[in-house]
Amino acid sequence: MENLNITIGKKLLYLRKKSKLTQAELAEKLNYSDKAISKWEKGESLPSVEVFYKISKLYGVSLDYIIGDETIDPQPIKTDAKKRIYLNITHLAVLAVWFVALLLFVIFDIITHTSQWMIFAWAMPASFTVAIVFDCIWHKRKGFFWLISFFVWSLLLSFVIQFMTFNIWKILLVGIPLQIAIIIWSRMEKKS
């Protein structure tokens, strides 16, 4: 039987190459040196359990696959093609929100002969809601905090535009502490 360190090293090398990462890119993601990555892949040393866990999450495989003596293929890694498909589906879902808004606008115009352009103002926060949901599902919250910020501001702007006759522009001031809270939340997420 092959030395366990070498077996694990081969798996780490296989996963890194399958993910099309260089040793330097992986080292940056894990906050280690590329020399450490090289030693792991050669079986000269092994990372800590914490790093093994990060690696398993990064590659989408189980810890058991990396450190066990399983020879089965790992769970499929998201390829660039899959990521593009996920992004396109997200865009289509957002586009569907705008299609529904346009359809409602046309229906109201035909039936009531009034222009309900406010539907488009409310389509903005609805679009960001859809984008947030898909970002959480597929993109592992890459743009999560940007989307949350855009959602908050578009929602507040929609209220201001909807009730413009009541002069409630001061409601936008609510966005300032909310934006600060989003920034603090994003920094807390980065540290954990």
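Relative to the dominant Cα principal axis of the chain, helix 80-112 is inclined by about 10°. Lys/Arg Cβ at +1, Asp/Glu Cβ at -1, dipole of the chain taken about the Cα centre: which of Phe120, Asn31, Phe108 is farthest positive-ward? The residue sitting farthest along the positive end of the dipole is Asn31. Pairs exceeding 28 Å between alpha-carbon atoms, taken from Lys10/Lys83; Lys35/Lys190; Lys18/Lys39; Lys54/Lys82; Lys10/Lys190; Lys42/Lys190: Lys10/Lys190; Lys42/Lys190. For segment 17-30, the Karplus equation 6.51 cos²θ - 1.76 cosθ + 1.60, evaluated at θ = phi - 60°, returns couplings of 5, 5, 8, 6, 10, 7, 4, 5, 5, 5, 4, 5, 5, 9 Hz by residue, with Gly and Pro reported as x. Looking at segment 130-192, the accessible area is 72 square angstrom per residue; that uses a 1.4 Å probe and ignores ligands, DNA and RNA. Dipole magnitude for the chain: about 380 debye, using +1 per Lys or Arg Cβ and -1 per Asp or Glu Cβ, origin at the Cα centre. Here the chain is described by how far its Cα atoms reach on the three principal axes: 79, 36, 23 Å, from widest to narrowest. Carbon-plus-sulfur accessible fraction, the chain (probe radius 1.4 Å, protein heavy atoms only): 68%.
Net length available on complete extension from His91 to Phe108 is 3.5 nm, with 0.36 nm assigned per residue and the Cα-Cα distance removed.
Ordered by 1.4 Å accessible area with all protein chains kept, Ser38, Ser158, Ser62 run largest first as Ser62, Ser38, Ser158.
Rounded to the nearest 500, the helix-only mean residue ellipticity at 222 nm of the chain stands at -23500 deg cm²/dmol, with each DSSP H run of n ≥ 4 adding -39,500 (n - 2.57). FRET efficiency for the Gln116 to Leu178 pair, using the beta carbon distance and R₀ = 35 Å, is estimated at 0.80. Label sites at Glu28 and Arg187, each approximated as a point 7 angstrom past Cα along Cα to Cβ, lie 2.4 nm apart.
The values are calculated or read from the model by the stated rules, or taken from the named source; none is laboratory data. Since we're looking at a predicted model, the values are computed, not measured. Neighbour counts are summed over all protein chains in view; Cβ atoms, including those assigned to glycine, are modelled from backbone coordinates with ideal geometry. To get the accessible areas, we keep the full protein, side chains included, count just its heavy atoms, and leave off ligands, DNA and RNA. Shrake-Rupley method; radii C 1.70, N 1.55, O 1.52, S 1.80 Å.
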